[in-house]
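Engineer: What follows is a single structure, and I will ask about it in a moment.
The values are calculated or read from the model by the stated rules, or taken from the named source; none is laboratory data. Here the structure is a predicted model, which means the values were calculated and not measured. Reconstructed Cβ throughout: ideal geometry from the backbone, glycine too, with neighbour counts over all protein chains shown. The accessibility values were calculated without ligands, DNA or RNA, using every heavy atom of the protein model including side chains. Shrake-Rupley method; radii C 1.70, N 1.55, O 1.52, S 1.80 Å.
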Amino acid sequence: RFSTPTTPKPYAIITPRKTSHVQSTIYCSKNHGFQLRIRSGGHDVEGVSYVSQVPFVILDLVNFRDVNVDTKNEVAWVQSGATTGELYYGIASKTQTLGFPAGICHTIGIGGHLSGGGFGILGRKYGLAADHVIDAKLVDANGRVLHRKSMGEDLFWAIRGGGGNTFGVVLAWKIKLVPVPPVVTVFTVNKNLEQNATKTFHRWQYIAHKLSRDLFTTVWVMKVNSSQVGRKTVLASFKGMFLGRIDVLIPLIQYAFPELGLARENCTEMSWVQSVLYFGALPIEPVEILLNRSALPRLSLKAKTDYIREPMSETGIEGFMNMFLEEGTDFAITMIEAFGGKMDEIRENEIPFPHRSGILFESVYIVQWRNEEDAGLCINWIRRLYSYMSSYASKSLRGAYYNYKDLDLGTNNINGYTSYEQASVWGLKYFRNNFKRLVRIKTMIDPMNFFSNEQSIPPLLSP
C-alpha cells in the first residue's frame with residue numbers, strides 16, 4: 001500500500017547505532033526543514049511512520065533492539081527497535097514464570113506498541129503493556145536525553161499511550177514483568193453460520209467480560225469455504241487462553257458458557273510464550289520463530305476499531321456477519337477481544353489510553369488485499385462495515401484505538417498550524433478527556449511542533 005511508484009520517498013533513511021546519531025539527525029532535520037518520521041517496527045497501518053507529503057527523513061530504530069531481562073527484580077530494559085517477539089524470546093530464554101502483557105503479533109516494534117497502549121492476551125489479568133512501563137529514555141526536539149526523573153511525570157505520562165513520536169524519540173523503555181504459570185491452556189472452538197455462530201456470539205457478549213481474569217477470550221470472524229461445494233460461509237472462531245491447566249478450565253467454561261461446547265480435544269497445554277505463537281497463527285515450535293521479523297506475510301491492509309459497551313442484538317450480529325459474504329472480503333477479519341477484569345479497575349486517566357471500565361469488548365476490523373487494483377473495493381467494504389457498526393459502538397463519543405491509526409477519523413494539516421478544534425475531531429476518539437492534557441504537554445515540550453504527522457498531538461500555539 002505504501003510502496004508504489006507514486007509513494008513519496010524520504011530524502012534519507014537514517015539507521016542510528018547510538019544516541020548521538022539520533023541527536024545529530026534531529027539537529028540536521030531541523031536545520032534543513034525536513035519533517036522527521038520515526039519508525040520502530042513498520043506496523044503503522046496508515047504509513048505515517050514512514051511516509052509524508054512534505055520533504056522528510058526516516059529515523060529507523062532497527063539497530064536499537066537490545067533486550068536486557070533482570071529476572072531477580074522482574075524488570076527489563078527494551079529498546080524501541082526490538083520487536084515484541086524479541087522481547088518475548090528474551091524473557092522466555094531466562095524464565096518460564098515471567099511474561100509481559102503485550103500484543104500477539106511478534107513483528108511489531110516495541111516503540112510504537114508501548115507508545116500507543118498495547119493490548120494482548122494478558123490484558124484482562126494485567127492491563128496494557130503501557131501500564132507496565134516504569135522508566136524510559138527519550139531524546140527531545142532540542143536533543144536533550146531525558147529519563148523519567150528528568151523529563152517529569154507529565155511527559156512520562158504522555159508517552160505511555162499518547163504516541164511517543166509526538167513528543168520525541170523514545171529510544172528505550174524499562175518495563176515491569178508479570179507472573180505467569182509454567183503451563184497455560186489455549187483453545188479454539190469454530191462455529192460457522194450453519195452451526196449457530198450468531199447465537200453463540202450473542203451469548204458470549206454477556207459473559208466474556210465477567211469471566212475469571214485468568215481467562216482471555218476472543219472471537220475471530222472471517223469468510224471461509226462452506227461444506228457445500230462452491231459456496232462460502234462465515235466462521236466465528238472462539239479462542240481463549242487460560243492461566244492454568246485444562247482440568248480447571250473445562251469446568252469453568254462448562255458452567256459459565258455451556259453454549260460454546262468446549263471439550264478437552266479443543267484444548268492444548270503449553271508455555272505462555274508458546275501461547276503468543278498460537279494466537280499469532282504460527283507453529284509453537286521452535287520458539288525461535290519469535291526472532292524472525294519476516295515470518296508473517298506482508299499484505300496491504302486497512303484497519304478500523306471500536307469499543308462496544310452494550311451487547312449487539314442477534315439481528316445486528318447476523319447483519320454484521322453477512323457482510324463478510326460480500327466482495328472484497330477474501331482476506332478480511334474482525335478480532336473481537338473481551339475486556340473486563342483488570343481493564344475495569346484502571347482509571348481512564350491513569351495513562352492516555354482511556355478505554356477501560358464498562359467496555360465489553362474491543363473490535364478490530366481489518367481488510368487485506370494482494371493486488372493494488374483491489375484496494376478501492378476492499379477499503380470501501382471496511383468503511384461500510386464501520387458505518388454499519390455505528391449503531392452498536394460506544395455512544396456519546398465513538399472510541400478508537402491509537403495503535404490502529406485510522407486517517408478516516410480526521411487529520412492534521414500537512415503544512416501549517418492545526419488548531420485544537422481540528423485535531424480534537426480525531427484526538428477525542430483516541431484519547432477522550434485525556435486529549436486536552438496531551439495537548440498541554442505537547443505545547444510545553446515541543447512548542448514548535450517539530451515532531452509532527454497526520455495524527456500527532458498538536459501544540460496550542462502556532463509555530
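Engineer: From Glu421, Glu350, Glu454, grab the single residue that is closer than 29 Å to Asn142 by Cα, modelled with pLDDT of 95 or more, acidic (Asp, Glu) and in the same structural domain as Arg213 (by the TED database).
Structural biologist: Working: Glu421 fails: in the same structural domain as Arg213 (by the TED database); Glu454 fails: in the same structural domain as Arg213 (by the TED database).
Going through Glu421, Glu350, Glu454 in turn, the sole match is Glu350.
Engineer: Could you tell me which numbered condition Asn165 fails, if it satisfies all but one of (1) in the same structural domain as Ile333 (by the TED database); (2) in a helix (DSSP H, G or I)?
Structural biologist: Failing condition for Asn165: (1).
Engineer: Test Phe238 against the stated conditions and say whether it is farther than 21 Å from Gly103 by Cα, modelled with pLDDT of 95 or more, open to solvent by less than 40 Å² (accessible area, probe 1.4 Å) and assigned by the TED database to the domain that holds Glu310. Break it down into steps so the answer makes sense when it comes.
Structural biologist: Working: farther than 21 Å from Gly103 by Cα: no; modelled with pLDDT of 95 or more: yes; open to solvent by less than 40 Å² (accessible area, probe 1.4 Å): yes; assigned by the TED database to the domain that holds Glu310: yes.
In short, no.
Engineer: When segment 61-86 is examined, which residues are found to be under 15 Å from Leu171 (Cβ atoms) and either open to solvent by 20 Å² or more (accessible area, probe 1.4 Å) or in a helix (DSSP H, G or I) (or both)?
Structural biologist: Val62, Asn63, Arg65, Asp66, Val67, Asn68, Trp77, Gln79
Engineer: Give segment 129-140 a look and list any residue that's open to solvent by 10 Å² or more (accessible area, probe 1.4 Å) and either more than 24 Å from the chain's Cα centre (by Cα) or among the aliphatic types (A, V, I, L, M) (or both), or say none.
Structural biologist: Quick first cut of segment 129-140, residues open to solvent by 10 Å² or more (accessible area, probe 1.4 Å) only: 131-132, 134-135, 137.
Within segment 129-140, just Ile134 meets the criteria.
Engineer: If Asp330 satisfies every condition in (1) in contact (Cβ under 8 Å) with a residue 60 or more places away in the chain; (2) assigned to a helix (DSSP H, G or I) but one, which is the exception?
Structural biologist: (2)
Engineer: Taking Ala102, is it closer than 20 Å to Leu138 by Cα, outside the structural domain of Ala295 (by the TED database), open to solvent by less than 30 Å² (accessible area, probe 1.4 Å) and modelled with pLDDT of 95 or more?
Structural biologist: Numbers: closer than 20 Å to Leu138 by Cα: no; outside the structural domain of Ala295 (by the TED database): yes; open to solvent by less than 30 Å² (accessible area, probe 1.4 Å): yes; modelled with pLDDT of 95 or more: yes.
Here the answer is no, as Ala102 does not meet what is asked.
Engineer: Quick check, is Leu438 open to solvent by less than 20 Å² (accessible area, probe 1.4 Å), of a type in the set (A, V, I, L, M) and not assigned by the TED database to the domain that holds Met323? If you could, list the steps in order and put the result at the bottom.
Structural biologist: Values: open to solvent by less than 20 Å² (accessible area, probe 1.4 Å): yes; of a type in the set (A, V, I, L, M): yes; not assigned by the TED database to the domain that holds Met323: yes.
The answer is yes for Leu438.
Engineer: Ok, one more. Of all residues in segment 350-369, which are closer than 15 Å to Gly399 by Cα and not charged (D, E, K, R)? Step through it out loud before you land on a result.
Structural biologist: Step one: list which residues in segment 350-369 are closer than 15 Å to Gly399 by Cα, which gives 352-365.
Passing the criteria: Pro352, Phe353, Pro354, His355, Ser357, Gly358, Ile359, Leu360, Phe361, Ser363, Val364, Tyr365.
To keep it simple, each residue is scored yes or no on (1) assigned by the TED database to the domain that holds Ala338; (2) open to solvent by 30 Å² or more (accessible area, probe 1.4 Å); (3) without any contact (Cβ under 8 Å) to a residue 40 or more places away in the chain.
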site	(1), (2), (3)
Asn190	yes, yes, no
Glu194	yes, yes, yes
Ala197	yes, no, no
Ile207	yes, no, no
Lys210	yes, yes, no
Phe216	yes, no, no
Val219	yes, no, no
Lys223	yes, yes, no
Gly230	yes, yes, yes
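Engineer: Please specify each residue of segment 1-50 satisfying the condition of being among the small types (Gly, Ala, Ser), in a helix (DSSP H, G or I) and farther than 23 Å from Thr411 by Cβ. Give the steps one after another, and end with the answer.
Structural biologist: The first filter runs over segment 1-50 and keeps only residues among the small types (Gly, Ala, Ser), leaving 3, 12, 20, 24, 29, 33, 40-42, 47, 49.
Next, from what is left, pick out any that are in a helix (DSSP H, G or I): 20, 24, 29.
Once the filter is applied, which keeps residues that are among the small types (Gly, Ala, Ser), in a helix (DSSP H, G or I) and farther than 23 Å from Thr411 by Cβ, segment 1-50 yields Ser20, Ser24.
Engineer: Restricting attention to segment 14-39, which residues are under 20 Å from Ser456 (Cβ atoms) and either open to solvent by less than 20 Å² (accessible area, probe 1.4 Å) or aliphatic (A, V, I, L, M) (or both)?
Structural biologist: Ile14, Val22, Thr25, Ile26, Ser29, Leu36, Arg37, Ile38, listed by residue number.
Engineer: Let me ask you something else. Among the residues of segment 334-353, which ones are part of a loop (DSSP other than H, G, I, E, B), in contact with a helix residue (DSSP H, G or I) (Cβ under 8 Å, 6 or more places away or on another chain) and either over 24 Å from Ile382 (Cβ atoms) or small (Gly, Ala, Ser) (or both)?
Structural biologist: So the first thing to find is which residues in segment 334-353 are part of a loop (DSSP other than H, G, I, E, B), and the list is 339-340, 345-353.
If we keep only those that are in contact with a helix residue (DSSP H, G or I) (Cβ under 8 Å, 6 or more places away or on another chain) too, we end up with 339-340, 346, 348-353.
Gly340, Ile346, Glu348, Asn349, Glu350, Ile351, Pro352, listed by residue number.
Engineer: For segment 371-403, enumerate the residues that are under 12 Å from Lys429 (Cα atoms), surrounded by 14 or more Cβ atoms within 10 Å (Cβ to Cβ) and of a type in the set (Ser, Thr, Tyr).
Structural biologist: Result: Ser394, Tyr401, Tyr402.
Engineer: Of everything in segment 105-128, what is closer than 12 Å to Asn403 by Cβ, part of a loop (DSSP other than H, G, I, E, B) and either of a type in the set (Val, Ile, Thr) or open to solvent by less than 10 Å² (accessible area, probe 1.4 Å) (or both)? Give them in sequence order.
Structural biologist: Across segment 105-128, the qualifying residues are Ile108, Gly117, Gly118, Gly120, Leu128.
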